[in-house]
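Please read the structure below before turning to the comments.
The values are calculated or read from the model by the stated rules, or taken from the named source; none is laboratory data. Remember, predicted model here, so these are calculated numbers, not experimental data. All Cβ positions, glycine included, derive from the backbone under ideal geometry; neighbour counts span all protein chains shown.
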Amino acid sequence: MTSMSWHFQSSSDNSRDEGYYETLDPQAIRLRFLCNEDITEIQNLCQDWFPISYPKEWYEQIVTPKYYSLVALYEKTIIGLIVCEIKPYLRLNKEDRDILPSTFSGCDVGYILSLGVHKKFRRRGIGSLLLDTFLQNITTSDKQNIKAIFLHVLTTNQAAIIFYEKRNFRYHSFLPYYYSIKGRSRDAFLYVSYLNGGRPTNFLDQIKQTIYDIICRPVIWIIQRVMHHNRGPTPNSQFKFAQI
């Protein structure tokens, strides 16, 4: 599934008046995982919150166990959503791989695809509650292999940038023309938060990677070619090429 990351966009008004939620009781907020029955409601909310239309397949996939999709409810109404994915470092896109040194290639990372809160509930801690719950879930003793959490954010989305910077996310890189919104290319920032011993790439890591690329990688390639030649073609190799 194509990664699409959006954070804290506006939603349209509902039928209630602006003062309805002024006396919101924090104890009335409930969290639970997204389910199939929520898809229609989430589609309507995302159309209000975010500047693009997610494909139908996106909504069908985020309710599967592959994704950590948590909703906040108030009086049985969804008022917030966070969608995250845990993936191996080696499955990251090329532009994202330098968030960790290559020595962490056997580790996992978390990616925040979307985080949105109904505009009438913003500045009430709903976004923080959703994010903190996710972070608590991935810092338990059995998930120490997750070394970083990252996200992409529109460069003009100052509300989201301030929100994440206050929560220990740090600017990592600028990605020009990362988004396509209504036929226009838009720039993005990549933000990262490190955990469980993860750390950013430093100058020494870059030197090590350069040495590996120049010296070690070609040697490994030659050895693999020689070994493959000595073994002969693998069974059904012609069919493998035909399927590519």
Q) Pick from region 27-73 the residues that are surrounded by 14 or more Cβ atoms within 10 Å (Cβ to Cβ), polar (S, T, N, Q) and in contact (Cβ under 8 Å) with a residue 24 or more places away in the chain: which of them is nearest to TYR179 (Cα to Cα)? A) GLN61
(Q) Yes or no: region 205-214 includes at least one residue that is hydroxyl-bearing (Ser, Thr, Tyr), out of contact with any Phe, Trp or Tyr (no Cβ under 8 Å at 6 or more places or on another chain), at pLDDT below 95 and closer than 26 Å to ARG91 by Cβ. (A) yes
Q: Kindly indicate whether any position in region 166-179 is over 26 Å from GLY106 (Cα atoms), modelled with pLDDT under 95 and part of a helix (DSSP H, G or I).
A: no
Q: Scan (1) among the basic types (Lys, Arg); (2) more than 16 Å from the chain's Cα centre (by Cα); (3) at pLDDT 95 or above for the single condition LYS87 breaks and write down its number.
A: (2)
Q. Going by the conditions given, is LEU90 touching a Lys or Arg at 6+ places or on another chain (Cβ under 7 Å) and on the phi < 0 side of the Ramachandran plot?
A. no
Q: Could you check how many residues of region 93-124 are at negative phi and either of a type in the set (Ser, Thr, Tyr) or without any contact (Cβ under 8 Å) to a residue 12 or more places away in the chain (or both)?
A: 7
Q.
Being surrounded by 18 or more Cβ atoms within 10 Å (Cβ to Cβ), under 15 Å from ASN196 (Cα atoms) and not charged (D, E, K, R) is the filter here; which residues of region 87-140 pass it?
A. TYR89, ILE99, LEU100, PRO101, PHE104, CYS107, VAL109, GLY110, PHE134, ILE138
